[in-house]
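**Student:** Supplied in structure tokens, the structure appears directly below.
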Amino acid sequence: MRAVDIIIRKKQGYELTKDELHFLIDGYVKGIIPDYQISAFLMAVCFVPLTENEQYLLTMEMLQSGEQMDLSSIHGICVDKHSTGGVGDKTTLVVGPILASFGLKLAKMSGRGLGHTGGTLDKLESIPHFQIQLPVLDFYNQVNEISLAVIGQSLNIVPADKKLYALRDVTGTVESIGLIASSIMSKKLASGAHSILLDVKVGDGAFMKDVISAEELAMAMVKIGKKNHRQVIAVLTNMEEPLGKMVGNSLEVIEAIETLKGKGEKKFTELCYALSSELLIEEGICQSKEEAYSKIKEKIETKEALEKLRQMIQYQHGDTHVIEDYSLFPQAQYTFDIHSLKEGYVNSLHAQEIGHCAMLLGAGRKNKEDKINLAVGIKLHKKQGDFIHIGDTLCTIYSDFENIEEVQNKILQCYQIEEEKPKEIPMIYKVIK
Ligand code: URA
């Protein structure tokens, strides 16, 4: 077998076999097949999409390239949650504690992430002394005792994805539904949980810009899950504007805590309720959405969900006082309020660009070696649908740079202000399972 023949076959529209995909992935991970051939293969896939069977086979090849989590020592129902990534996405920090307060077990190995802000791990690391590296045994014990743990990847999970994703990033081949589905699902299958909740973001700040392509991605992932006897629930959610009010690592943890205290932004709170309720219904803990919402509300009001976050911080050696005292988080040197130059309704607030601004402030990484600044970011005071007078504060910038002119100009352009009130976009578009 030769890589070049497989690339040509794919380019000509033939369906690749298990052996051919194994040859490519195994050869690539072992360093036998070079980047340039895999790049050509990835580009071919962007023009001749992977068939359903190829998506499944590729996922399995990637899954088998590394270790898998063994959750057999965890007592109870293990669930997992994943977001395809969005600006200001701190949902795991709210949904995880909510699910844990019902006794569902979330044993999550998380990533750092490239882009506008850090991943969940970076956010957690903004809590002083919080440990993201735990011995695997302690990790499983923690989940048995408090139902919740989020740590860095201590197992070598899906090394094929690490290599392929880095290559896709620099060859313009990220946005292929089959490649995204196999990348996400190989990691989710390796995480061992039976029920997997996928938050598939749709809109300006997401990979999937429209509901139709997001639905295609969601169906692809549900099918891969089914073939592996896993229950996958994909929720298509709105990412036209940043999620919640805060964008930036410590700022997002503060917003998650506020949400667990029942003081979160309405739309973000709604998203957390909707995602949690899907798993509660799936696992038979609640019979309907109404019942799930009312029970989640109770867990928030009684502070049981917040208590789960506190326990996780305590078990992972973080300073639990941050829950009451936000001044213990890393603090930016400067804050700047940005004022509106126009009057009218916020018609849109470009998520992608706001994310880019957060990255310029230092909240995210361009390259995986980059060090990020956990204190900086943006607090959005005005969002889509809000009315603004000239001079009103649109947002506050938390920065360690004294000169933020570039970011300020960009942010002003992110706010599209019109005379007419825009139609409200739903937070949840669709649930696919
Ligand atoms: N997230 C992933 O893990 N992989 C992709 O390909 C895209 C988003």
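The values are calculated or read from the model by the stated rules, or taken from the named source; none is laboratory data. Please read these numbers as outputs of a predicted model, since none were measured by experiment. Note: ideal-geometry Cβ built from the backbone for every residue, glycine included; neighbour counts use all protein chains shown. What goes into the accessible areas is simple: the full protein's heavy atoms, side chains included, and nothing from ligands, DNA or RNA. Shrake-Rupley method; radii C 1.70, N 1.55, O 1.52, S 1.80 Å.
**Student:** Starting from the amide H of F130, placed 1.01 Å from N in the peptide plane, find each other amide H under 5 Å away whose residue is 5 or more places distant or on another chain.
**Tutor:** HN-HN under 5 Å from F130: D319.
**Student:** Using the Karplus curve 6.51 cos²θ - 1.76 cosθ + 1.60 with θ = phi - 60°, work out ³J(HN,Hα) for each residue of the stretch 208-218 in order, rounded to whole Hz, and write x for Gly and Pro.
**Tutor:** 8, 7, 9, 5, 5, 6, 5, 5, 4, 4, 4
**Student:** Counting only the backbone N, which residues of the stretch 44-80 are under 14 Å from the spot 7 Å out from the Cα of E15 toward its beta-carbon?
**Tutor:** Zone members listed by number: 49-58.
**Student:** OK, next. First select every other residue whose beta carbon is under 10 angstrom from the beta carbon of E241; then total the charges, Lys and Arg +1, Asp and Glu -1.
**Tutor:** Value of the local net charge: 0.
**Student:** Among residues other than R365 whose Cβ falls under 9 Å from its Cβ, what is the net charge (Lys/Arg +1, Asp/Glu -1)?
**Tutor:** With Lys, Arg at +1 and Asp, Glu at -1, the neighbours total +1.
**Student:** In the stretch 78-323, what is the volume of the convex hull around the alpha carbon atoms, normalised per residue and reported in Å³? Spell out each step's value before the answer.
**Tutor:** On the way: hull volume 28.6 nm³, N = 246.
Each residue corresponds to 116 Å³ of Cα convex hull volume.
**Student:** Something else now. Take the solvent-accessible surface of the protein heavy atoms, probe 1.4 Å, and return the percent of it on the chain that carbon and sulfur atoms account for.
**Tutor:** Roughly 51 percent of what the probe reaches on the chain is carbon or sulfur.
**Student:** Let me ask you something else. Amide H of M208: which non-local residues (sequence gap of 5 or more, or other chain) have their own amide H closer than 5 Å, using H built in the peptide plane?
**Tutor:** Result for M208 returns G203.
**Student:** Turning to a different aspect of this structure: Starting from the coordinates of the alpha-carbon atoms of the chain, obtain the Kirkwood hydrodynamic radius over all distinct pairs and give the value in Å to one decimal.
**Tutor:** Kirkwood radius, the chain: 22.4 Å.
**Student:** On to the next question. Of G377, G385, G362, which has the largest mean-square fluctuation in a 10 Å C-alpha GNM of the chain?
**Tutor:** Largest GNM mean-square fluctuation: G385.
**Student:** Hey, rough spin-label estimate for S327 and L155, points 7 angstrom out along Cα→Cβ, what's it come to in nanometres?
**Tutor:** Placing both labels 7 Å along Cα→Cβ, they lie 4.4 nm apart.
**Student:** Average the reciprocal distances over every distinct pair of alpha-carbons in the stretch 3-48, invert the result, and give the Kirkwood radius in Å.
**Tutor:** Here the Kirkwood hydrodynamic radius works out to 10.4 Å.
**Student:** For the cross-link pairs K18/K433; K162/K379; K383/K421; K289/K430; K10/K226; K30/K108, which exceed 23 Å when the distance is taken from alpha carbon to alpha carbon?
**Tutor:** From K18/K433; K162/K379; K383/K421; K289/K430; K10/K226; K30/K108, over 23 Å: K18/K433; K162/K379; K10/K226; K30/K108.
**Student:** When the helices in the chain are scored as -39500 (n - 2.57) per DSSP H run of 4 or longer and the sum is shared across all residues, what 222 nm value do you end up with, to the nearest 500 deg cm²/dmol?
**Tutor:** -14000 deg cm²/dmol
**Student:** Counting only Cα, what are the radius of gyration and maximum Cα-Cα distance Dmax of the stretch 332-418, in Å?
**Tutor:** Rg, Dmax (Cα atoms, Å): 13.1, 42.
**Student:** Moving on to the next point. Run the paramagnetic zone check for N53: 7 angstrom along Cα to Cβ, then residues of the stretch 1-39 with backbone nitrogen under 18 Å.
**Tutor:** 6-7, 9-24
**Student:** How far, in degrees from 0 to 90, does helix 35-47 lean away from the longest principal axis of the Cα atoms of the chain, to the nearest 10?
**Tutor:** That works out to roughly 80 degrees.
**Student:** To the nearest 20 debye, what charge dipole does the chain have about its Cα centre, counting +1 at the Cβ of each Lys and Arg and -1 at the Cβ of each Asp and Glu?
**Tutor:** Values: 48 positive and 59 negative charges, 182 e Å.
Here the chain has a charge dipole of around 880 debye.
**Student:** Using only Cα atoms, find the angle between the long axis of helix 92-101 and the longest principal axis of the chain, and express it within 0 to 90 degrees, rounded to the nearest 10.
**Tutor:** Taking the Cα atoms of the chain, the angle to 92-101 is about 90 degrees.
**Student:** While we're on this one: Can you work out the Karplus-derived ³J(HN,Hα) for every residue in the stretch 301-314? Use 6.51 cos²θ - 1.76 cosθ + 1.60 with θ = phi - 60°, whole Hz, and x for glycine or proline.
**Tutor:** Working through the residues one at a time gives 5, 7, 6, 5, 5, 4, 4, 5, 5, 4, 4, 4, 4, 5 Hz.
**Student:** Could you estimate the translational diffusion coefficient of the stretch 37-174 from the Stokes-Einstein equation, with Rh from the Kirkwood formula over C-alpha pairs, at 10 °C and 1.306 mPa s, in whole µm²/s?
**Tutor:** Working: Rh = 17.0 Å.
Estimated via Stokes-Einstein, D reaches 94 µm²/s.
**Student:** Then there's this: Which order do K81, K371 take when ranked by solvent-accessible area (1.4 Å probe, heavy atoms of all protein chains), largest first?
**Tutor:** K371, K81
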